[in-house]
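Working notes for the structure below.
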Amino acid sequence: MGRARTARMTALGRRALDHPIRAILIVYVASRLVALGALWIAATWFQNPAGVGHLDPTVGDLIGLWDGEWYETVATQGYPVPLPADPVTGRLTYSAWAFYPLFPFLVRPLMALGIPFTVGAVGLNVVLGGVAALLVWALFRHGLHAEPQPGRQRLALVAACLWCFYPATGVMLKPYTEPLAVVLVAASLLYLMRRRYAVVALLALPLGLTRGVAAAMGCAALIHLVVRVREDRAAGVAPLRGQRLSAAVMLVVTGLSGIAWPVFAGVVSGIPTAFFQVQEAWGQKPASGPFVLWLDWAWSAHGLLGVVVLVALCGTYLALILGRHGRWIPVEVRAWAVAYPLYLFAVVRPITSMWRFLLLDFPIAALLASVAMRTSTGESIVGHWRRRVAILLVPIIGGLVWWTCALLTYTPWGSRPP
């Protein structure tokens, strides 16, 4: 019986490798069903009726909560001008200007067809999530600027499938920007590795209107160019021959994309720092300095032990990315995997939304796949990797259910934002 089961699993694995796109889409659909089930559990047993205004909370109630309400406001009403301000202090207060415009504006054409915002936004995100999973797979299977790995195709396939089950993946069934952001980030990195710098520049424009991640993307682009210059010189050719202009344009446009939305908010409102004032009203405090808020949070919560644990977690992550378990990942993706979390810890205050933000750090899934499937030397894939991956999925899916029930539910007097 055991040998027959092993043979079936081996045959299934071969079919998945022979048809990876189909396999990833099947796993992606399965992950959406699991996420939907987690939403049902959260709505049925964990959602407080006070948070939805009636006694029978449903999955639909949870889908529309939190930031989805603000994106719907942007899609239906646009951005308020003049910006709302506190009548006593005169300081800018909560408003839709804290939310980037591209995603809700993409939903508008669907609304023009008579589709309600929430239905159109969730449908769009389901499609974008599938595209994102395929792009993540395409990134990991790209062997340029990565250590050779005989099992790369299998590793890439498993990594993309694990990403589909990331615990905060429930937001891809909500009107949130994560699926669109992953598509743009993954596509940018993929075209960067293919040396299509003009395309990367074009992708930077919508990315700047989706999420504020230009600094991390710029780091990945710089690392790529440094590596390519060294390779060109080693090959005896002029560095960046024929592409110097497009590379420069890519860097400039990527940088400008990081300030495009703040500048637009300042011009429209007549207040140069309007975007940052609104962000401060939402709790962000960049003026406190990079990393300070996280260190202060760890110290306040657990003293020196909290700081040591925080630093140890960051050090472990960096060791995995830069060590043997990350060497099969392309350099550009590893650069993103380092720059993006560091950027988050530098500019974002300690908040439960960090779980959701890290959905864009898809190299975490590659590390999990590598640790689960490779030997301690990282030279070959262990024979019982299917069992190890299956065991790994248990806490991941458990985390998905926990995150959905704990953070996607809403109680007016005591909830933390997802």
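All of the numbers you see were taken from the coordinates with simple rules; none came from a lab. Just so it is clear, the model here is predicted, and its values are computed rather than measured. Positions of Cβ are backbone-derived with ideal geometry, glycine not excepted, and every protein chain shown enters the neighbour counts.
Assorted remarks:
- Top positive-direction residue, dipole computed over the chain with Cβ charges, set Leu203, Ala156, Ala339: Ala156
- Given charges at Cβ of Lys, Arg, Asp, Glu: the chain dipole, positive-most of Gly255, Pro417, Ile271: Gly255
- Our estimate of slack between Trp45 and Asp296, defined as 0.36 nm per intervening residue step minus the Cα-Cα distance, is 86.9 nm.
- If the convex hull is drawn through the Cα atoms of the range 179-284, its volume per residue in Å³: 101 Å³
- Protection-proxy order for peptides 246-258, 38-50, each taking the mean of Cβ atoms within 10 Å per residue, highest first: 246-258, 38-50
- Evaluated with a Cβ-only charge set (Lys, Arg +1; Asp, Glu -1), the chain carries a dipole of roughly 1860 debye about its Cα centre, given to the nearest 20.
- With contacts taken as Cα pairs under 8 Å and at least 6 residues apart, the chain reaches a relative contact order of 24 percent.
- Across the range 92-99, coupling constants 3J(HN,Hα) worked out from phi with the 6.51/-1.76/1.60 Karplus curve, θ = phi - 60°, read 5, 10, 3, 6, 5, 5, 6, 10 Hz, and Gly and Pro carry x.
- R0 of 30 Å, Cβ-Cβ distance Leu144-Arg15: FRET efficiency to nearest 0.05: 0.65
- Signed unit charges on C-beta, dipole axis of the chain, positive-most listed residue Met217, Leu304, Phe140: Phe140
- Label corresponding to percent of Cα pairs over 32 Å apart when calculated from the structure given, among (i) 40; (ii) 58; (iii) 45: (i)
- Built amide H within the under 5 Å cut-off of Arg374, gap 5+: Val382
- Helical segments meeting 27 Å axial Cα length and Kyte-Doolittle -0.5 threshold in the chain (DSSP H): 20-41, 117-140, 214-234, 244-269, 292-322, 385-407
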